[in-house]
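Please read through the structure below; I'll follow up with questions.
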C-alpha cells in the first residue's frame, strides 16, 4: 500500500468540503479521481501532496515515496528558459556531470600524477560519480527531454523562450513535461489533457500505461479514463466511493449500485414504517387498558430503542441536477450557412493552411480538429470576420445569428458579480435572471460571486447561460468542454443533439466529437481536408491511409538486384540510421530469398561473393560503431544497434544458405 486515507475531513472556512474520505491505493495502480466541479478533488490532491493538512482523519504515504503534483512546479525565475525548466528533473545528475568535467580537467593536468595519493583519490571519486551518473540515466538526459517534449507537442523552437512569456496553457504543458521527466513514485495529475491536442493526448495515454509508478489523475476526458485507469474513485457528497474498473465499467457499476442502494432504502423504509405503526398500536393498547397496562408501554419503548439504534440507509440520488441547457434558434438561415472559397492564411513565413474550400450547410454539426498551432482558432476568427484571410474569401449566410463561445474570453471588468454580468449581457430583470442562472447551477449566494473568482467550469456554464438567451442559429464553439465536469459535458451533448441549427466546434474531446458531430474538418501539415463521418470513422480512414502509404513505400523500393549490389569494401547502406538499416536488411533478405526460389536462373560470375562481402562489411561496420566509447555508454543507442546487428547477421546467414543451395 503506497497511499491510505482513513476518515479524512477538510473544511474551507465554515464549509465542509470533504466529510469522510476513505480509500487505499497500491503501488503501480492507475487511478481516475472523478466528481462534479467543486466536490473537493483538487483539495484532496493538496492533502496528498502535503500542501495542506486534514482537519480530521489520517493520510499515510509510504516512507521515502516522492509525490509529484503539477501545481508545485509553476513558480520559476523570470529569466529561466523552457529548456532550463525541463532540466529541473535532472538537477542532481547535471551537478554530477559538472563535477565529472572538473575531475577530468584536474586529472588531465601535467602534474596530476606527481602525487599518487591525490590522483587515486580523484580517480576513485570519478569512478563513483560516473556509476551514479549512469544509473540515474545521465547519458540519456537529452534524449529523454526531446522524447517527452516532442510527445506533448513542445517544439525545439520553444526551448530558448522565457518560461514567463508563455501562455497559461503552454506553461501547463511545460510543467507537465517536467513532472513526467521527474518520474516521481506518485504522480498526481489535475486535468492533464486540457491543453493537449489529440496526438499529445494519445502519447500521454501510452506513457502513463507504461509508467512504473502510481498515477492518480483528475480527469473528465472519458476516452482518457478508459485508456489509462484501472480503478475509479468518485468523490460525492464529501465521501469517496471506489470502483475497480475503468470509466465505462464504472458507469455500469454505479448504476447497479444506486439501484441496489435504492432497493435497500425502500426495504428499510418499509420496515421502519411497520415498526412505527407497531409502537403506536402498543401505546394505544396500553392506554386503553383499564387499569393501564405498563407491559405494552415497555414493549413500545424497547421497540423505539431498536428503531433509534438502526443504521439508516441513506436515500440515494438517482439523478443529480446538471445544467439545464436548451439551445433554441430565433430564425433559421438559408441552406448554405458558411462558404469557404479557397481560403489561405500565413503568419510571416509560416503557412497555416491553404485551399480551404467547403460549404457548411444548415443543420450540420461539424468538428474542426488539428494539432495545437495548426490554425483552428484562426479559421474561426476568419469565419467570424475578426481576421482577414491572405487568399480566398469567407461568406456567412445573410440571416446568420452567431453564438460564439471563445476559448478564453475573460471579461475586462473582473469585479462584476455573476448576477450583474448575466443581467448586463442578457438584459433581464433580477428575478428572471436569477431563475435563469439557477438552471445553470448558480443557486443562492452563488450569484453574488465575483466572476474573477469563478472556476473554469463555472465560467463556461455562465457563458452558456448567456449564449442560450441569445437564441443563435449558428453556434461556433472553441473548446467548449474544457473545465466542464462529466455531467455538464453530457448536458451539452444532449443539448447539441436536440439543437436544430448549425454547429461548428473546435475540440480535442474525442468522446464529445464522436457523439455529436457527423463531419470533420481537419487542418494538418498546412492542408485543409474534410471527412464525412464521426471521429471513429476518421481514425479508421487515417489508419488505412497510413497502411496504404507504408505498403506503397515498400513496393516502390523493389528487390535487391545483382547489377546494383554493393562492391566489396564499399560503404554499407545508411550506416547512421538504424531504421534504414533494418529496412534495407529486410529488403535484401526478401530479394535474396526471391532470387533463390527461382531455380535455374543464371548468375553473373562472382555474384554471391560480392553480395556476401557487402553484407560482411555492413556487419563489421555495425560492430565498430558499437565499440565507439560514446555509443557504448548509451544504453538506448546500443539496444537499437543490437537490433540492427541481429537483422544484418540473419541476412548474412540467409545469403550463405542461398549460395550453398545454388552451388549444390
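The values are calculated or read from the model by the stated rules, or taken from the named source; none is laboratory data. Every value quoted in this text rests on a predicted model; they were computed, and no experiment measured them. Neighbour counts are summed over all protein chains in view; Cβ atoms, including those assigned to glycine, are modelled from backbone coordinates with ideal geometry.
Show the residue pairs that are 6+ apart or on different chains and have beta-carbon atoms under 9 Å apart, the first residue being within segment 38-52 and free of Cβ contacts under 8 Å to residues at least 24 places away in the same chain, the second being surrounded by 20 or more Cβ atoms within 10 Å (Cβ to Cβ) and in a helix (DSSP H, G or I).
51/45
Against the condition closer than 23 Å to residue 139 by Cβ and at pLDDT below 80, how does residue 639 come out, does it pass?
On the way: closer than 23 Å to residue 139 by Cβ: yes; at pLDDT below 80: yes.
Yes: the conditions hold for residue 639.
It is to be established whether one or more residues within segment 213-223 are outside the structural domain of residue 140 (by TED's automatic domain parsing), under 30 Å from residue 314 (Cα atoms) and in a helix (DSSP H, G or I).
yes
While we're looking at this one, here's another question. Could you say which residue among 460, 366, 378 is in the same structural domain as residue 471 (by TED's automatic domain parsing), touching a residue at least 12 places away in the same chain (Cβ under 8 Å) and farther than 25 Å from residue 486 by Cα?
From the options 460, 366, 378, the qualifying one is 378.
I've got another one for you. Surrounded by fewer than 17 Cβ atoms within 10 Å (Cβ to Cβ), in contact with a strand residue (DSSP E or B) (Cβ under 6 Å, 6 or more places away or on another chain) and in the same structural domain as residue 347 (by TED's automatic domain parsing): is that true of residue 407 in this structure?
Here the answer is yes, as residue 407 does meet what is asked.
In addition: Let me spell it out: the conditions are (1) touching a helix residue (DSSP H, G or I) at 6+ places or on another chain (Cβ under 9 Å); (2) surrounded by 13 or more Cβ atoms within 10 Å (Cβ to Cβ); (3) within 29 Å of residue 455 (Cα to Cα), and residue 164 meets all of them except one. Which number is the exception?
All conditions are met except number (2).
Given the residues 434, 399, which is the only one that is in contact with a helix residue (DSSP H, G or I) (Cβ under 7 Å, 6 or more places away or on another chain) and either not in a helix (DSSP H, G or I) or not assigned by TED's automatic domain parsing to the domain that holds residue 203 (or both)?
Values: 399 fails: in contact with a helix residue (DSSP H, G or I) (Cβ under 7 Å, 6 or more places away or on another chain).
Exactly one residue qualifies, and that residue is 434.
Looking only at segment 281-324, count how many residues are under 30 Å from residue 491 (Cα atoms) and modelled with pLDDT of 85 or more.
The qualifying residues number 0.
Please work out if residue 38 is touching a strand residue (DSSP E or B) at 6+ places or on another chain (Cβ under 8 Å) and either more than 30 Å from residue 141 (Cα to Cα) or not assigned by TED's automatic domain parsing to the domain that holds residue 145 (or both).
Working: touching a strand residue (DSSP E or B) at 6+ places or on another chain (Cβ under 8 Å): no; either more than 30 Å from residue 141 (Cα to Cα) or not assigned by TED's automatic domain parsing to the domain that holds residue 145 (or both): yes.
It is false that residue 38 is touching a strand residue (DSSP E or B) at 6+ places or on another chain (Cβ under 8 Å) and either more than 30 Å from residue 141 (Cα to Cα) or not assigned by TED's automatic domain parsing to the domain that holds residue 145 (or both).
Considering only residues of segment 366-388 that are touching a helix residue (DSSP H, G or I) at 6+ places or on another chain (Cβ under 6 Å) and crowded, with 21+ Cβ neighbours inside 10 Å, which is nearest to residue 201 (Cα to Cα)?
In this case the residue turns out to be 370.
Select, from 277, 284, the only residue that is over 58 Å from the mean Cα position of the chain (by Cα), farther than 30 Å from residue 29 by Cα and part of a helix (DSSP H, G or I).
284
Now, a different point. Checking the conditions here, which among 340, 360, 327, 388 is touching a strand residue (DSSP E or B) at 6+ places or on another chain (Cβ under 8 Å) and part of a loop (DSSP other than H, G, I, E, B)?
Testing whether each residue is touching a strand residue (DSSP E or B) at 6+ places or on another chain (Cβ under 8 Å) and part of a loop (DSSP other than H, G, I, E, B) leaves just 327.
Looking only at residues in segment 295-317 that are in contact with a helix residue (DSSP H, G or I) (Cβ under 6 Å, 6 or more places away or on another chain) and assigned to a loop (DSSP other than H, G, I, E, B), which one is farthest from residue 458 (Cα to Cα)?
The selected residue is 313.
Now a separate question. Which of the residues spanning segment 447-505 are crowded, with 18+ Cβ neighbours inside 10 Å and part of a strand (DSSP E or B)?
If the condition is that a residue be crowded, with 18+ Cβ neighbours inside 10 Å and part of a strand (DSSP E or B), then 474, 475, 476, 477, 478, 502, 503, 504, 505 are the ones that fit.
Follow-up question, since we're still on this one. On the given criteria, is residue 53 under 21 Å from the mean Cα position of the chain (by Cα), outside the structural domain of residue 148 (by TED's automatic domain parsing) and not in a helix (DSSP H, G or I)?
Judged against the criteria, residue 53 is not a match.
Being surrounded by 15 or more Cβ atoms within 10 Å (Cβ to Cβ), touching a helix residue (DSSP H, G or I) at 6+ places or on another chain (Cβ under 9 Å) and within 30 Å of residue 7 (Cα to Cα): is that true of residue 265 here?
It is false that residue 265 is surrounded by 15 or more Cβ atoms within 10 Å (Cβ to Cβ), touching a helix residue (DSSP H, G or I) at 6+ places or on another chain (Cβ under 9 Å) and within 30 Å of residue 7 (Cα to Cα).
Now, a different point. Scan segment 208-228 residue by residue and report those that are crowded, with 19+ Cβ neighbours inside 10 Å and under 16 Å from residue 486 (Cα atoms).
217, 218, 219, 220, 221, 222, 223, 224, 225
Could you list, in sequence order, all residues of segment 506-516 that are assigned to a loop (DSSP other than H, G, I, E, B) and buried (at least 24 other Cβ atoms within 10 Å of the Cβ)?
Selection gives 508, 509.
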